[in-house]
Structure formats: C-alpha cells, structure tokens
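Enquirer: Please see the structure below; I have some questions.
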Amino acid sequence: MLEIIRNFFGNAAPWLIIAAIICVGLEMTLQLPYVFLTFAIFFVLSAIMSVSGYSFEWQLYAAAINIFISFLLTRIIYKQLTRHSIRQKSADEYVSEIVEVRVVEEAEETNSYFYGYKKEISNEVPVGVPSIKHFIRAVTSDGKVHEVDWRGKQPPIDGQRATVVGISGSALALNPLEKQGEDNGG
C-alpha cells in the first residue's frame, strides 16, 4: 500500500496540473470564490513538489502546509482583484441633466390579504378596498434609478422627460420639460 502511495506522488505532476486547470475552469464557470482556486493552487504546489524530487513522505506531510499556503494565496489574489472600486457619480453631478420619469402603480394588497385571512378564521367581512400607490422614479443617462421630488404642477406621466434642478434629501428634484422637443441632451 505504501508503494502505491509512493508511486502516485512520484508520477502525479501531470495529473495535478490537469486538476488545477479543471479547478480554475470550475471557478470561472460556477463563480464560487475561494473554493476551486484554493484547490488549483494546492494542486500546482503539489505538482511542483512532485517534480522537484522531494520524497513522498515530505510531499505527504507538506500537503497540509500546501493547503494553508494555497488558502493564503487565494485570499491575496482576491484582495488584489477586488480592491479597486468603481467611481460613482455624486448626486450633485446630476443637476441640469435630463432624465426620464417612470411612474409605477402598485396595489397595496397587504390589508386585503390580512382581512381575507381574518375572514377565513372568524367569518368577518373584509374592510377597505386595496389602495393603489404611485411610485415615481427618475432614470438617469447612466441607467441608475433615483427617488423623485416632483416640482411640476401636473402629476408626472410615465416616460415623461424632466430636468434635474437640485437635490432634495436623497431624491432628485425634477421640473418637467415644457415641450417634448427640448430634450436634446438626454
């Protein structure tokens, strides 16, 4: 049995490299960070030890150290890959930009659900009609969606274009465009 393990460690370098390539492919395909890349680095370290001519006893004892080293290297690699942040626009940079207004109507069904459930239990008649809430959002040129503080006299229409005139709390303060032909920079 010991001879079989010795032969495996002595001739395993090509198979370990193939296993490392498969692990990197699985890492990229399944997008499970740290898991397969750790094994890939472990397989490469084990292949290097196998090719370097270390005895199988050293390779066997070094397996635990190789796993620890591969975990540390994986952490360092991912830290280097994810430390750069993407610059985001501050809210003030949206002032004077032309945005598209989205109006979403959503029925508030929580009361009717609760009273319907209560009706099943106690045979009571549900009280109230589900109300419809209007959510107004602005879609900027970079595709981000923001809350809206509407400054127009008429309620907004879905798809309407508006100009950002300022910031109100965390919402964009919008004035509607007078004519739909004015939106030349949107």
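Enquirer: Go through (1) in contact (Cβ under 8 Å) with a residue 40 or more places away in the chain; (2) not in a helix (DSSP H, G or I) and name the single condition Tyr54 misses.
Expert: (1) is the only condition that Tyr54 fails.
Enquirer: Whether any residue in the stretch 94-117 is loosely packed, with under 10 Cβ neighbours inside 10 Å, at pLDDT below 85 and part of a loop (DSSP other than H, G, I, E, B) is what I want to check.
Expert: No, every residue in the stretch 94-117 fails to be loosely packed, with under 10 Cβ neighbours inside 10 Å, at pLDDT below 85 and part of a loop (DSSP other than H, G, I, E, B).
Enquirer: Could I ask something else about it? Looking only at residues that are modelled with pLDDT under 75 and charged (D, E, K, R) in the stretch 72-91, which one is nearest to Ala171 (Cα to Cα)?
Expert: Lys89
The values are calculated or read from the model by the stated rules, or taken from the named source; none is laboratory data. Being a predicted model, the structure only gives us computed values, none of them experimental. For neighbour counting, all protein chains shown are included, and Cβ atoms are generated from backbone atoms with ideal geometry for every residue, glycine included.
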